[in-house]
Structures are given as structure tokens and as C-alpha cells.
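These notes concern the structure reproduced below.
The values are calculated or read from the model by the stated rules, or taken from the named source; none is laboratory data. What you see is a predicted model; the values in this text were computed from it and never measured. Virtual Cβ from ideal backbone geometry, glycine too; neighbours counted across all protein chains shown. Keep in mind that these areas ignore ligands, DNA and RNA; they rest on the heavy atoms of the full protein, side chains included. Shrake-Rupley method; radii C 1.70, N 1.55, O 1.52, S 1.80 Å.
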Amino acid sequence: MPLKILHTSDLHIGMTFRHYPDDLREMLMEARFSALERLVELGVDHQCHLLVIAGDLFEKQSVARKELQRVKHLLSRFSTGTVCILPGNHDYINDTTELWHTFCQDMPDHLLVLKVEKAVTLQEGDYTITVYPAPCHAKHSDTHNLGWLEDLAIMSENRGSRHFHIGIAHGALAGISPDLSGQYYTMFPETLQRLPQDLWLLGHTHLPYPPENHPRAPKIFNAGTPEPDGMDCRHDGSAWFIQLLENGSVDAEQLKTGTLRFLDVTETVENEESFHRLKEKYLKGTPQQSLSRTLLRLKLSGYLDEEATTLRQPFYREMEQTLAYFTVDDSDLRVRFSPERITEEFTEGSLPAVLLQELVASQDEDTAHLAYEIIREVKKHAD
């Protein structure tokens, strides 16, 4: 039987979602706990020897004691092995922080917080597992925390088909994570590949790595968040189920774990059919339970006939009533020019009227609207 690991990170329990309405905020905050509960259940269902949380279990240092107790209670249900928890850059650990001191009070034996840079050896069934943690000790750092491993030799007598060496770290993975300022413990894949550990389990970047249908690095995995947490989160939420085989090979499966959908999209509308198309795309064919957990930020652009503009508000109302959250920006949505509209606003045969009619006839609507705005501005100052 292989060594089995459920790898996750970045749950950010304690995130407040303050930019959303109060009732929705409660649902979004509760979703973080539900995600943790699902992860524990998945780990047990897959008979995992380890549940690894590679940083940012918590969103911040000031998490309420009752929330810490709830997290500890959920993790205590992992009954098939050891839970390894690494402090990340949001829930970092140092001499001045109280978060982990409070969390670790009355800690069950199978919950292990990896507070310091020190190899820890575990026995799970027939397997010996040595874990090499790289915890975060501050919110930002311009260097990774792997230095203590550079000169740490893994003695050949400690290697074997049933002794695995696993590194756990939190920080940006160069070439994968957006870290333009270099302030998030940036690690290079070449560094991790060079180190002698059998496997590296990372957190920080909210996208899983390697992505699906992508050639996988032999031993580097980034969990990504298990539950989407914002409009910039374009995936469904997942965790890695990893099996280490006695011959040293790695088998990994990406498990879908998220229930929320954050959609930040731009759509072009042209007529009544466009609104029907959008309803088909975002409302039809999706279970009601999923719609009630969908947050959509929609930006509309394009040109509509004047009659079709009346369809906007009924469409907006239906989206608001069906989805958990809906907001729309239609500032780039314009009324299409028609000869009748030009005649209503400008004297027939005048220069503005002739210019706009020619632009409309050429179907150059962008230029027509630009010309219209310039004419209106000139007319306003002239008056």
C-alpha cells in the first residue's frame, strides 16, 4: 500500500469578506469551515496517513478563540493519521504572536503544528516519514526559508522504500506565483528539485500547481485554496491526493473541493437575444444549489437598439433574485444610433447630423459615439 497524503493550504479561516452584504458575508465565512470539514472527510475516506496544511490555515493573527476551537475540533476528526499544520505568511509564528500559542493549548496528539525549522520523524503504519518544515515568521520576506535545508544531508541509511522525506513550505513559486515585489518567500523550482526530499508540498499561491493537463514536476505540488474566496479566483477549489509508492514514484490526483463560484466577466450584448443567451449561460442548466452559491460581477458593453435597453432592468432583477450576489457595470453599454434619433437631436442637414448619419451608415458605431460625445461637449460650452 502506498503512503497517502491529502495536501491543502490557504483556507484563510477568519476572512471577513467585508465588501459584501452582511447576510452574504456570513455564508462566505461559514464556507471556510465547511471546506475544512470536507477536507477532513476526504482524508479519512481516502485512508490518508497525512493531512498536510501548507500554510495560511488562518487569515490573520487575530482569530477569535471560539473559531480556533472550532478548527481544532474539525481537525481532530482526522482519524487515519497525523495532521501537519505549517504557519504561513498570514498566520505566521514568532515570539510576539499569540495565535499559535492559543491554538496549541490542549492539542490532540495527532495534530502537529510545525513551528520551527527542524526535521520531525513520524511513524504511520509501516511507514517512517521525516517532515522538513519551512514555516513563515513574518508577513513578508525577500528570501525563502529553505536555507536550513541546504546543508542538511539525508543520510543514505535513513533512506529506504518505507522511509519518505517530505518538505513543507509556504511562499511564492517563481514563474508560477505573482510576486513582482519579491516579498513572499519566493522559492525556485530548481532549488526544490535539487534538495534531496522525495516530495515538496507548498502553499501560498491560490492556484493549484501543476495545473491539470500539464507535465508535472516529479516532486513539487502547490495546493491552491480548497474554496474560492474572491473574484480573482478562477478555479473551483481543489486539494491534492498524493500517493508515494515504494519505488519512489509519485501518483497525484486533483480532488474538487469547492462549492462557491466567483465569476468576474465581461459580456457584449447587441439585442434581445443577447440577454437570453446570458441567462442560458449563467442560470440555465445549473443546479439551484450552485446558483445560490454563485457570485457574479458582470461588465456589459456593446450597442443596443433603444427598444432593447428596456430589457436590462428585468434581466438584472432576475440575476439578483437567483444568484447569491450580482453586480453589474453597464457604463460601456450604449444606445445604438438610428436616423430617427439623429433627427430628434440635431437639425436636419446640419453638420453634426450629416456627420453622424454618414458614420452610422458606415456602421462605425465607436467613431459615431465618439463624435456624438465631442459634439455634445462643444454644444454645452457654446450654450
Revision key, fill the gap. Nearest-0.05 FRET efficiency for D142 and A119 at R0 = 35 Å, using Cβ-Cβ distance, is 0.90
**Study point:** Cα-based radius of gyration of the stretch 85-229 once divided by 2.2 N^0.38 Å, which approximates compact folds
**Key:** 1.07
**Study point:** Degrees separating the helix 65-76 axis from the principal Cα axis of the chain, which is the longest one
**Key:** 60 degrees
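Listed here are the pairs K60/K115; K256/K299; K256/K281; K72/K115; K4/K256; K279/K299; which of them are more than 19 Å apart at the Cα?
Numbers: K60/K115 16 Å; K256/K299 28 Å; K256/K281 22 Å; K72/K115 16 Å; K4/K256 17 Å; K279/K299 15 Å.
Correct reply: K256/K299; K256/K281.
If I stretch the segment between R194 and I374 completely, what's the gain in nm (0.36 nm per residue apart, minus their alpha carbon distance), one decimal?
Between R194 and I374, full extension yields 58.6 nm more.
Using a Förster radius of 45 Å, what is the FRET efficiency between E30 and D151 based on their Cβ-Cβ separation? Nearest 0.05, please.
On the way: r = 46 Å, r/R0 = 1.01.
Computed FRET efficiency for E30 and D151 comes out at 0.50.
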Study note, to complete from the structure: So the compactness index of the chain, its C-alpha Rg divided by 2.2 N^0.38 Å, takes the value 1.30
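Determine the shape class of the stretch 32-128: with a ≥ b ≥ c the square roots of the Cα gyration tensor eigenvalues, call it rounded for a/c under 1.5, and otherwise prolate if a/b is greater than b/c, oblate otherwise.
Details: a/c = 1.97, a/b = 1.30, b/c = 1.51.
Taking the square roots of the gyration eigenvalues as a ≥ b ≥ c, the stretch 32-128 is oblate.
Apply the a/c threshold of 1.5 to the C-alpha gyration tensor of the stretch 180-272 and tell me whether it is rounded, prolate or oblate. Working shown, then result.
Working: a/c = 2.67, a/b = 1.83, b/c = 1.46.
Since a/c reaches 1.5 and a/b is larger than b/c, the shape of the stretch 180-272 is classed as prolate.
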Review point. If only Cα atoms are counted, what is the Rg of the stretch 57-100, and what is its Dmax, in Å?
Key: 11.4, 34
Revision key, fill the gap. Measure of exposure for R317: accessible area at 1.4 Å probe, Å² rounded to 10, is 120 Å²
